[in-house]
C-alpha cells in the first residue's frame, strides 16, 4: 500500500482538486471556467428576490435575467457567482463553417416575420454571435436572410440552429437564372420582377428586399463565378449562354419592359419593332458571339445572313434543318401524267431586315412553311398544268428562269431576297419514259444503220477507186500497145509505099491493103483495149457482165477484121479487075505454099514470045513473093501482129 501511495499520490491531488472545484468553489463562490475552444451556454433555474421572474409571452430566451435559457453566453475565461444551485452551465462547441460553404441560420426566438415574408431580416448581432443583441435589436425568428461565411463562431445554439451548405458556382459559358423566394409581389401583367440594383448579385438579399425587390423570376442573371447565395432566399438555374454563330444574327424578342414606340412606320403592319430595353422585337439584332440571356424573359431567334439553300427533295436536307419538312414536289401535266421534280431555292435575309422577318413570322421555320413552301409548290404545279411532260422537260431552262422571276417578286414583299431558283431532277412517269426511251433507241438505231450504210458505200467507193488504180497500169500498157500498133502499122504503110515505087500499081494496092490492115488492127486493138478496160471495171461489179462485154468486144473485132478485109478485096478488084485479082490471089496462095512454078529467069511472054506490061509486073511480083528472105520478113511481120493482138 505504501508503495502504491508513493507512486500515485499526484492522482489523488487531482481528485481532491476536482471535488474542491465542483463542490466547494462552485457551491460557495459560483466559479466557472470556460475553456478556449468552448462557449458557455447558461440556463437559469430560478430567480432571486428583486429579479425579473417571467419571460414575455412568446419568448424562450431571457435577455433581462429571467429564469430559463439565457441569451447571453459565456466566452472562454473564468467566471464567479454562477452558483451551481442557481445556474446550469453547459459547454458548447464553436460553430465552424468550412471553406467553400456558408452557414444558414434559423432563429428559434425573436419577433414574428411580417405576413407575406418568409425570411427574417438582418439585424446587428455580430454574425449571430451576440444572441442578446439579436433579440433586443428586433431580430425575427425563423429562417434568416443573412448567413455566416467560412470561419469559427461562438453561436448560442439555444437560440440559433446553423446548417452548412455549399456556395453557388456558375461554370464558364454558363449563366445563372435567378428566382427569388421572398420580396414584394410581381406587378400585374409582368412575368418577372423589376430590375433592382445594389444587392451584389443577390448575395446581400436584405438590400434586395429593402430596395423593393420582387419575389419570383428576376431579369438580372448571374455570370460565371462563385457566390454566397442563400438557398432559402434564391433558387438558381444554370444554363448555357446564348451563342450566335458566325453567319447569323440574333433577333431579340423581349417579354418584359415598358411598351416602346414602333419604329417601322405605318407601312409595316405585322408587329412592333422597338428600341433595345423595351418590350417587343428589338430593332438592333445581336451579332455573332455569346450573350448572357435570360431565356425566360427574352427569346433570341437566329436568322442566317448568308445565302440559305432550301431543298424540295425527299433525300436531301441542309445542315440548318429548315428544309427538313420539305419534300419532292409532285405535279400533273396538261396531258394527265403525274411526275416529280426536285427544286432548290436560295434566299438571303439582310441583317437590317431580320427583325422585320421575325416580327412578321416569329421564326425562320414559319417563313419556310407559311411563304416559301406554298409559293414554290403552287408555282410549279400551275406551270406543269400548262404543258405536257415532254414540253416541260425540253423547256427546263425557260421555266427555271420564269420561276426565279416570279418567286423573287413574291419574296420581296416579305423582306427576303430570292437569290436563285434551281430545278433539280425531273422524274417523269415510268411508262412514259419507257416509250420515250424505246423511241430514242429506235432513232439512234436508224442513225446507226445510216452510218453503217454510208460506211459501206464509202468502202465500196474506196474499193472501186483501188480497183481503178490497180487497172491503171493495164490501161497504160494497153494505150502503149495501141500506139505501138499504130506506129507499126504506119511503118508498114510507109514500107509498102516505098516498095510500091518500083511497082506502082502493086505497091499501091499492097500499101492500100496494108493501110487497111493497119487501120483494122488499130480498130481491133482499140476495141480490145476498151474491152479489157471494161472487163476490169466489170470484174469489180459482176463477173458475168465482164464475160458478156468481152464476147461483144471479140465479136466486134471479128466484124471489124472481116469488114476491113472485104474493103481491101473490093479495092483490089477495082484496081486490078476481077480476072486479074483472081490471078493475083491464086498466085499469092501458091507463094504461101512455096510452090516454084516459074523459073527464076523467066519473066514472062505471050504466045508470040512477047507480053504486056501487066504480065511483066505480075512476073516481078511473083519473083518477089518467091524470094525466101522476103517471105521470112512477111512471116515475122505476121507473127508480130499476132502477138500484139494477143
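The values are calculated or read from the model by the stated rules, or taken from the named source; none is laboratory data. Keep in mind that what you see is a predicted model, and the values were worked out from it rather than measured. So basically every Cβ, Gly included, is an ideal-geometry build from the backbone, and we count neighbours across all protein chains shown.
Each row is one residue, and each column tells you yes or no for (1) without any contact (Cβ under 8 Å) to a residue 12 or more places away in the chain; (2) within 25 Å of residue 238 (Cα to Cα); (3) more than 36 Å from the chain's Cα centre (by Cα).
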| site | (1), (2), (3) |
| --- | --- |
| 267 | yes, no, yes |
| 271 | no, no, yes |
| 290 | no, yes, no |
| 293 | no, yes, no |
| 301 | no, yes, no |
| 310 | no, no, no |
| 333 | no, no, no |
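Criterion first (free of Cβ contacts under 8 Å to residues at least 24 places away in the same chain and either in contact with a helix residue (DSSP H, G or I) (Cβ under 7 Å, 6 or more places away or on another chain) or more than 23 Å from residue 306 (Cβ to Cβ) (or both)) does residue 447 satisfy it?
yes
Okay, residues lined up against (1) in contact with a helix residue (DSSP H, G or I) (Cβ under 7 Å, 6 or more places away or on another chain); (2) crowded, with 20+ Cβ neighbours inside 10 Å; (3) on the phi > 0 side of the Ramachandran plot; (4) at pLDDT below 95:
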| position | (1), (2), (3), (4) |
| --- | --- |
| 135 | no, yes, no, yes |
| 173 | no, no, yes, yes |
| 190 | no, no, no, yes |
| 197 | no, no, no, yes |
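Go through (1) farther than 19 Å from residue 282 by Cα; (2) out of contact with any helix residue (DSSP H, G or I) (no Cβ under 9 Å at 6 or more places or on another chain); (3) in contact (Cβ under 8 Å) with a residue 12 or more places away in the chain; (4) crowded, with 17+ Cβ neighbours inside 10 Å and name the single condition residue 229 misses.
(2)
What number of residues within the range 305-315 are part of a loop (DSSP other than H, G, I, E, B) and modelled with pLDDT of 90 or more?
The total comes to 3.
If you take the residues of the range 161-181 that are over 60 Å from the mean Cα position of the chain (by Cα) and in contact (Cβ under 8 Å) with a residue 60 or more places away in the chain, which of them is farthest from residue 92 (Cα to Cα)?
163
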